[in-house]
1. Which ³J(HN,Hα) values, rounded to whole Hz and listed in residue order, are derived for the range 56-68 from phi using the Karplus coefficients 6.51, -1.76 and 1.60 in 6.51 cos²θ - 1.76 cosθ + 1.60 with θ = phi - 60°, glycine and proline given as x?
2. Once Rh is set to the Kirkwood radius over Cα pairs, what Stokes-Einstein translational diffusion coefficient, in µm²/s, holds for the range 44-121 at a temperature of 25 °C and a viscosity of 0.890 mPa s?
3. When the expected Rg is taken as 2.2 N^0.38 Å, what fraction or multiple of it is the alpha-carbon Rg of the range 27-80?
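Values in this text are rule-based calculations from the coordinates and carry no lab data. Everything numeric in this text was worked out from a predicted model, so none of it was measured.
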Amino acid sequence: MLLDKINILMENQLEIICPSCKSVVLATAFFCPSCGKQLKDKVQSTTLSKKAVVYFVSLFLPPFGLWYARKYLKAGDYESRKIGIVAIILTIISVVVTFWLTTGFINSVFQSLNEINNLNI
Ligand SMILES: [Zn+2]
């Protein structure tokens, strides 16, 4: 069945070979269980609360969102890269919305000033 094949594929991706002792290790493992070699640098957290923080920062403090995005994109695994890409998209949206609101605000201020001038005349 197709589903079985997909499962096998996914399981294969979840296993890596230890560079030191060549034993098969779960891709999620930080250390090789047979020789103890460190397999990963500290990975970026992909928990829901961490995601919420990254997305919040991206939306409301745009420059810092890019810093997060860079960190997550560098982490390399699929979930982290996805967070990095979403952080960049949110940053872009935030910048566009801020620009749009600012122009709208400036325009409305100028409009009010014009109206006040017109009233005085
Ligand atoms: Zn090993």
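1. Computed from phi, the couplings for the range 56-68 are 4, 4, 4, 6, 9, 10, x, x, 6, x, 5, 5, 4 Hz.
2. Numbers: Rh = 14.2 Å.
Result for D is 173 µm²/s.
3. Values: Rg = 13.9 Å, N = 54, 2.2 N^0.38 = 10.0 Å.
Ratio of Cα Rg to 2.2 N^0.38 Å: 1.39.
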